[in-house]
1. Compute and list, largest first, the equivalent-ellipsoid semi-axes of the range 81-216 from the alpha carbon gyration tensor, each √(5λ) rounded to a whole angstrom.
2. If we count other beta carbons within 10 Å of each Cβ, what is the order of C139, C60, fewest first?
3. Say each of A179 and L192 gets a label point 7 Å from the Cα, pointing the same way as Cα to Cβ; how far apart are those two points in nm?
4. Report the label-to-label distance for A202 and E59 in nanometres (one decimal), using points 7 Å from each Cα along the Cα→Cβ vector.
5. Run the dipole for the chain about the Cα centre, Lys and Arg Cβ at +1, Asp and Glu Cβ at -1, nothing else charged, and hand back the magnitude in debye, nearest 20.
6. Suppose the Debye formula is applied to equal point scatterers at every Cα of the chain; what is log10 I(q)/I(0) at q = 0.07 Å⁻¹?
7. Please give the length that would be gained between Q226 and A133 if that part of the chain were fully extended, namely 0.36 nm times their separation in residues minus their C-alpha to C-alpha distance (nm, one decimal).
8. Per-residue HN-Hα couplings for the range 219-236, Karplus 6.51 cos²θ - 1.76 cosθ + 1.60 at θ = phi - 60°, whole Hz, x for Gly and Pro?
Amino acid sequence: MMQEGTHKDAVGAILFDVAASSQVGHDWFVPDFWRARDALRIQSGGRGGVAIITTPIGECVLRHYRRGGLVARLLGDRYLWLGADSSRPFREFRLLAEIARRGLPGPVVVAARYCRHGIAYTADLITRRIAGARTLAECLAAGQLDGELAGQVGELLARFHRAGVWHADLNAHNVLVTAGGLYLIDFDRGRLRAPRLAWQQANLKRLRRSLIKLGAADESEAMFEQTVWQPLRQHYGQVLNP
């Protein structure tokens, strides 16, 4: 079971998994620190790309929390300070720890940090890299989203929904496909909820919109329904209500 450790100073605070590493300091959250050691590479995707860092405990993903849309123009990457336990990185850290405790396939969290800026804060998160992974969006673009893969996605989502894990931004970029199985990532603003049909179906509809936006139904909506969405829903239902 994960043991939390905390470093707190005038800059902010770091929450980390003691079993993973007690070496985590503010430098770990600075891309230039890793770049200077030739231990950083940027992959496309998300807001500003994904930073892969080679740390003493292996390859990890460093994510800086960034706002999207019109709010980003006003507030940039800053969030209103409401306390450490309410900060986005600490909440995601603890949700990921609970996801791991329940045996669900999500990112393994290493450390989270906030830095205070008066009434605001900036935030970062480090998780272990999931090796050999492609996003569901990449699989779709490569013409590899078939009924079998769609069924696996349905089973994945049903496992999280049965456990009451709500994903705030369920889209094709946040489902990872590996040779060993599927993962769900990016749980910013996610939380545990009592299982209810309303939010579970809303989650599925969000994923459906994402797939259609990425072109899954461009050739034929009827074909998309038959070859992708129906297998996904069928496997989802079998796992959600065995």
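Taken together, the values in this text are just the output of simple stated rules run on the coordinates, not laboratory data. Predicted model, so just to flag it, every value in this text is computed and none were measured. We place every Cβ from the backbone using ideal geometry, glycine too, and count neighbours over all the protein chains shown.
1. 27, 17, 15
2. Fewest to most other Cβ atoms nearby, the residues stand as C139, C60.
3. 3.5 nm
4. Roughly 3.6 nm, to one decimal.
5. 740 debye
6. Cα-only, vacuum Debye calculation for the chain: -0.25.
7. This chain segment gains 30.8 nm when fully extended.
8. Calculated HN-Hα couplings, in order: 6, 6, 5, 5, 5, 4, 4, 6, 8, 10, 6, 5, x, 4, 5, 4, 5, 4 Hz.
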